[in-house]
Amino acid sequence: MVAFDGDEPVEEFRCPNTHIDGVDEFANRYSFSKCIISCVSDIPEDLSKYLSKLPIPILHLTHDTPIPIQNRYKTPKTLGMDRLAAAVGAHALYPNRDLLVIDAGTCITYEFVEANGIYHGGNIAPGMQMRLKALHAYTAALPLVAAEGEVPETGYNTDTAIRSGVIQGIKFEIQGYIDHFLEKYPRLLVFLTGGDNFNFDTRIKNIIFADKFLVPRGLNRILDHNNDKL
């Protein structure tokens, strides 16, 4: 949950185990005028009942909700709302620029929005934890390695070889996407968001923006776009 004052986030609250603990206190700290809900799974019953009793209009984001950009994804009902919201959030910040949005979480997603506000779609790749677990699960001898620890240029034992292979591999992958899109779109801006942070020592770091609130920004923009329907 994120509280916004206009276009800017003022506080983030994470529900423990997606239940109601602490939600009431968070909701009472601000004079909310409206709310948007986006969830990739079913909302817990106690939280759903609580939200339904709030004295404010609530927008439930679905694939049919109007959005302020054009969605050219050919199967919109299979498109994750977090992916779409990240694209909307980036476009809200820079509406006249070509944008590559990279969300590094459970999966790493790459979304492209053209300067004219057309969302063309994107790609999905395994995230850092998924890669580490897959190396352990699909081999006979490789251990499960934590993401935290040394990341040398070349691993000097099995743990560092796995960790460096995964983390450096992700960095090279992301750099490759950026270079590819820059060739076609020289004025490209890149947004990095998500739970996994990667530091880039790159010649093009001046075009990269880190914004952990990119998805909430997109949801907030979609909510404003639907004011007349609340």
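The values are calculated or read from the model by the stated rules, or taken from the named source; none is laboratory data. Just so you know, these numbers come straight off a predicted model, no measurement behind them. In this analysis, Cβ positions are derived from the backbone assuming ideal geometry, glycine residues included, and neighbour counts consider all displayed protein chains.
Which of the residues spanning the stretch 147-190 are under 22 Å from the mean Cα position of the chain (by Cα) and either farther than 24 Å from THR109 by Cα or among the aliphatic types (A, V, I, L, M) (or both)?
Across the stretch 147-190, the qualifying residues are ALA147, VAL166, ILE167, ILE170, ILE174, ILE178, LEU182, LEU188, LEU189, VAL190.
Go over the candidates TYR110, TYR156 one by one and state the one that is within 15 Å of LEU100 (Cβ to Cβ), hydroxyl-bearing (Ser, Thr, Tyr) and in the same structural domain as PRO95 (by TED's automatic domain parsing).
None of the others qualify; the one that does is TYR110.
Within the stretch 130-143, how many residues are closer than 18 Å to ASP196 by Cα and free of Cβ contacts under 8 Å to residues at least 24 places away in the same chain?
2
If VAL190 satisfies all but one of (1) assigned to a helix (DSSP H, G or I); (2) in contact (Cβ under 8 Å) with a residue 40 or more places away in the chain, what's the number of the condition it fails?
(1)
Looking at TYR94, TYR119, TYR73, which one is among the hydroxyl-bearing types (Ser, Thr, Tyr), surrounded by fewer than 16 Cβ atoms within 10 Å (Cβ to Cβ) and at pLDDT 95 or above?
After ruling out the rest, the residue left standing is TYR94.
Would you say ILE118 is β-branched (Val, Ile, Thr), touching a residue at least 40 places away in the same chain (Cβ under 8 Å) and in the same structural domain as ASN220 (by TED's automatic domain parsing)?
Against the criterion (β-branched (Val, Ile, Thr), touching a residue at least 40 places away in the same chain (Cβ under 8 Å) and in the same structural domain as ASN220 (by TED's automatic domain parsing)), ILE118 qualifies.
Only residues that are in contact (Cβ under 8 Å) with a residue 12 or more places away in the chain, more than 17 Å from VAL113 (Cα to Cα) and of a type outside the set (S, T, N, Q): list them for the stretch 166-187, please.
VAL166, ILE167, GLY169, ILE170, LYS171, GLU173
Name the one entry in LEU47, LEU100, LEU84, LEU54 that is in contact with a Phe, Trp or Tyr (Cβ under 8 Å, 6 or more places away or on another chain), of a type outside the set (Asp, Glu) and at pLDDT below 95.
LEU54
Just to be sure, is ILE178 outside any loop (DSSP other than H, G, I, E, B), closer than 22 Å to ASP82 by Cα, of a type outside the set (Lys, Arg) and at pLDDT below 95?
Considered against the rule, which asks whether it is outside any loop (DSSP other than H, G, I, E, B), closer than 22 Å to ASP82 by Cα, of a type outside the set (Lys, Arg) and at pLDDT below 95, ILE178 comes out as yes.
Filter the stretch 67-115 for residues that are free of Cβ contacts under 8 Å to residues at least 24 places away in the same chain and among the polar types (S, T, N, Q) and give the result.
THR75, THR78, ASN96
How many of the residues making up the stretch 122-135 are surrounded by 15 or more Cβ atoms within 10 Å (Cβ to Cβ) and under 16 Å from THR158 (Cβ atoms)?
3
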